[in-house]
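The block underneath contains the structure these notes are about, expressed in structure tokens.
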Amino acid sequence: MTRNKGMHQPLRFVWTDGTNPDFVRFSADMEQYYNVLAGGAENRRRFIPHNSLADIHHVLMVYQDTVPVGCGAWKQYDQRSAEMKRIWVAEAYRGRGIARQLIARLEENARESGFSAIILQTREACIAACALYRSLGYVQTENYPPYADMPLAICFEKAL
């Protein structure tokens, strides 16, 4: 009963960094999800080093009351582009537009920080994520480094 009551509470968006315990936990959940999707960590060994939280300083956590329900981040890629990282919505909260709100806020913050584009990398197997990015105006591009020679990666870009 408490859970249903909480679902009607407004979302809170909180800026933090890569050391936030909720972000660290969601990142571990993502790693497990991607390991299952890829058939084991060994099949992801080239991707894993690029998922370090140490250089992520612009993290946006989403809470419903005190419950963490989603996260996302961006980091500088080059002088014109921010790279969106670690987009995640807890399974029980998917399908409610949380990711759309989260991404809009990440884009706005990157634009306000002086970037003219935002890029991201995912996998074609992440069907829902790819559909979401396309619906938000992201265009698939050639894979950028360090994903340029990783055929299982797909990259997207959007002008801010």
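Checking each residue in the stretch 93-122 for being surrounded by 13 or more Cβ atoms within 10 Å (Cβ to Cβ), assigned to a loop (DSSP other than H, G, I, E, B) and without any contact (Cβ under 8 Å) to a residue 40 or more places away in the chain picks out ARG94, ARG96. Taking the criterion of being under 13 Å from ARG123 (Cβ atoms) and either modelled with pLDDT of 80 or more or part of a loop (DSSP other than H, G, I, E, B) (or both), the residues of the stretch 40-55 that qualify are ARG46, PHE47. Filtered by the rule that a residue be of a type in the set (A, V, I, L, M, F, W, C), more than 16 Å from ILE127 (Cα to Cα) and free of Cβ contacts under 8 Å to residues at least 40 places away in the same chain, the stretch 17-39 gives VAL24, ALA28.
Can you tell me which of (1) over 14 Å from the mean Cα position of the chain (by Cα); (2) surrounded by 15 or more Cβ atoms within 10 Å (Cβ to Cβ); (3) within 26 Å of GLN9 (Cβ to Cβ) is the one TYR144 doesn't meet? So TYR144 meets the others, but not (3). For the stretch 56-92, a tally of residues being assigned to a strand (DSSP E or B) and either farther than 29 Å from PRO145 by Cα or charged (D, E, K, R) (or both) returns 10. Taking the criterion of being of a type in the set (Gly, Ala, Ser) and at pLDDT 80 or above, the residues of the stretch 23-39 that qualify are SER27, ALA28. In the stretch 15-22, the condition of being in a strand (DSSP E or B), in contact with a helix residue (DSSP H, G or I) (Cβ under 9 Å, 6 or more places away or on another chain), at negative phi and not aliphatic (A, V, I, L, M) is met by at least one residue.
Cβ separations smaller than 7 Å between residues 6+ apart or across chains give the following pairs from the stretch 133-145 residues that are more than 13 Å from ARG123 (Cα to Cα) to residues that are of a type in the set (A, V, I, L, M) and surrounded by 12 or more Cβ atoms within 10 Å (Cβ to Cβ): LEU136/ILE103; TYR144/ILE119.
Looking only at the stretch 112-137, residues that are modelled with pLDDT of 95 or more and among the charged types (D, E, K, R) come to 2 in all. Here's a check for you: in the stretch 123-142, which residue that is of a type in the set (A, V, I, L, M) and not in a helix (DSSP H, G or I) is nearest to GLY97 (Cα to Cα)? By that ranking, first place goes to LEU136.
The values are calculated or read from the model by the stated rules, or taken from the named source; none is laboratory data. Just so we're clear, the structure is a prediction, and the values are computed from it rather than from any experiment. In this analysis, Cβ positions are derived from the backbone assuming ideal geometry, glycine residues included, and neighbour counts consider all displayed protein chains.
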